[in-house]
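Chemist: Please see the structure below; I have some questions.
Just so it is clear, none of the values below were taken in a lab; they were calculated from the coordinates. Just so it is clear, the structure is predicted and the values come from calculations on it, not from any experiment. Every residue, glycine among them, receives a Cβ derived from its backbone with ideal geometry; neighbour counts consider all protein chains shown.
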Amino acid sequence: MAKDEANYHILVVEDNLGDFVILEEYLNESLLNLKTKHAASFNAAADFLEDGENYFDIVFLDLSLPDKSGEELVLEIIKLAIGIPVVVLTGFSNLEFGSRSLALGASDYLLKDDLSPAILYKSLLYNIQRVKFISELKESRSKYSDLFQLNPSPIIVYDLETLKVLDVNQAAILKYGYSTVEFLSMNLFDFRPDEEADTLRQAIDGFWVKNTTDFKRITRHLKKNQEIIDVEISPAKIKINNKDAGLVLINDITENLKYVRKIEEQNEAFKEIAWIQSHVVRAPLARLLGLVNLLEISEEESSKENNELLEFIKGSVLELDKIVRDINEKSEIISSRE
């Protein structure tokens, strides 16, 4: 069988030199690049583990050492071997305690009389990968927790069947004013205005039952102080303890909508002013222009000064009429864009 070419650093804590030699020979049959440290006592093992220059992939630990044994030995080694799998080596007399050592934090236990190269290699690989997987899982959960709790937008997680709130982040607590305990006693309907109940049912049906993707919706939520806010929600489907759940990312758009509504109101006011300018102001302008034309006809023999004055009045009227028409055209452009 081809040997494993990976690098392995192993600490064997064993006071019986013969047992250590056998174990090392078994490991060498499966591993090409093996580096072994041997500790014949607890104190020697502690020195190896506390030395920052040493790195170990796994520890094989005999249950009986000259300076420490049994439960105390296992607990102390595990305390020192942070993040390193500890495999207990036991004889028939300590077989029962070997299994109990798992509850103390040991990764595995092996019966010395049953050891073989294959059993040792299998235990080594299994326990190294197991500890690595657990470490990665903890790191993944920690990252998820950080992303969840540190997200600046409110997030609410709820049960699919009951719509009961399962979890919220700090941003949700700050935004809505409810405590974590209060949130966990609520369901999705509890922070919706009554008139939003049917809309919520339709939204749940649209997202969950019809399996709609890229689902975003603007709705209204109710804060603890009874203030109603406009929000845009972005839901996602997740699993919690192998059960379907929903995650809702919430974006408060109350101020944005207020701004849009204000702009719309200003546009409406502008269009009204433009209409007044177009229909009300232009009427007297038209009449004034007509009077000027009559004066031009009736004053053909008038003095040169009067004719110049009439031309000036006529030009001003035409200029004002053009200004009003320009304003009206701009208001029509605004209307066409809405």
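Chemist: With the dipole of region 1-115 worked out from charges on the C-beta (+1 for Lys and Arg, -1 for Asp and Glu) around the Cα centre, which of Leu75, Ala103, Val13 lies farthest toward the positive end?
Modeler: Farthest along the dipole direction, towards plus: Ala103.
Chemist: With the Cα gyration tensor of region 1-157 giving a ≥ b ≥ c as the square roots of its eigenvalues, does the rule (a/c under 1.5 for rounded; else a/b larger than b/c for prolate; else oblate) give rounded, prolate or oblate?
Modeler: It is prolate, given that a/c is not under 1.5 and a/b is the larger ratio.
Chemist: Using a 7 Å offset from the Cα along the Cα-to-Cβ direction at both Arg201 and Ser135, what is the distance between the two label points in nm, to one decimal?
Modeler: According to this spin-label approximation, the distance is 5.3 nm.
Chemist: Which FRET efficiency, nearest 0.05, do Arg220 and Leu102 yield, Cβ-Cβ r, R0 45 Å?
Modeler: Computed FRET efficiency for Arg220 and Leu102: 0.25.
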